[in-house]
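The values are calculated or read from the model by the stated rules, or taken from the named source; none is laboratory data. Note that this is a predicted model, so its numbers are computed, not measured. Cβ sites come from the backbone with ideal geometry, for glycine too, and all protein chains shown count toward neighbours.
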Amino acid sequence: MADYHSLLMRAVANLPSAATPATRQAIYDRARKALFEQLKSLRPPLPQSDIGREESALDAAIAQIEARFGPQEERPLTDEEGEVRELTLEDFRAMRPVREVMPELIEAMADFRRKVGRPKAVAPKVHVGFRLAADVVASIKASGPGYNARVEQALRAAGFGEPAAKKRRAREKV
């Protein structure tokens, strides 16, 4: 018979001090599953009475550990009026990242962020950086709000942009 108590005790002792009963139960469930898989895979197969004896030994070890650690009383974070009590170090140790506790909330926030804001432009503008004379920049900015669009129109009128590129290609073919 294996020493289930020391194996489980080591696993439970490595948990944070504020581990919940559900966390300990998850360890017990994994141990029970591993035990059954191992016992079922033995050749020649063990008699059902031996499997039952091992199961009882595991249950006894779990009962001893639960008697020691027991269900821990969780103090509510708020009082009757809804005021949040002062959090202790144990409270902070018991906290888990929202990504672990509610991954669906993280996904919903990511979806929301993708939908918020300006719709994507069909032909997005490209940021360029080049140097111009200070007086040229000053006169462009002095023309008032919307000067970016006016500069773009002036460049298109000067023969730059998509229609101008098509005209150049047509001229080159001739």
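Some notes on this structure:
- Looking across region 24-55, the residues that are in a helix (DSSP H, G or I) and surrounded by 14 or more Cβ atoms within 10 Å (Cβ to Cβ) come down to R24, I27, Y28, A31, R32, L35, F36, L39, I51, E54, E55.
- Being in the same structural domain as S6 (by TED's automatic domain parsing) and at pLDDT 90 or above is true of A57.
- L46 being more than 30 Å from R93 (Cα to Cα), assigned by TED's automatic domain parsing to the domain that holds R96, at pLDDT 85 or above and within 33 Å of the chain's Cα centre (by Cα): no
- Candidate set: region 56-104, residues that are polar (S, T, N, Q) and outside any helix (DSSP H, G or I); chosen: the one farthest from H5 (Cα to Cα): T78
- Odd one out for L77 among (1) in the same structural domain as A2 (by TED's automatic domain parsing); (2) loosely packed, with under 14 Cβ neighbours inside 10 Å: (1)
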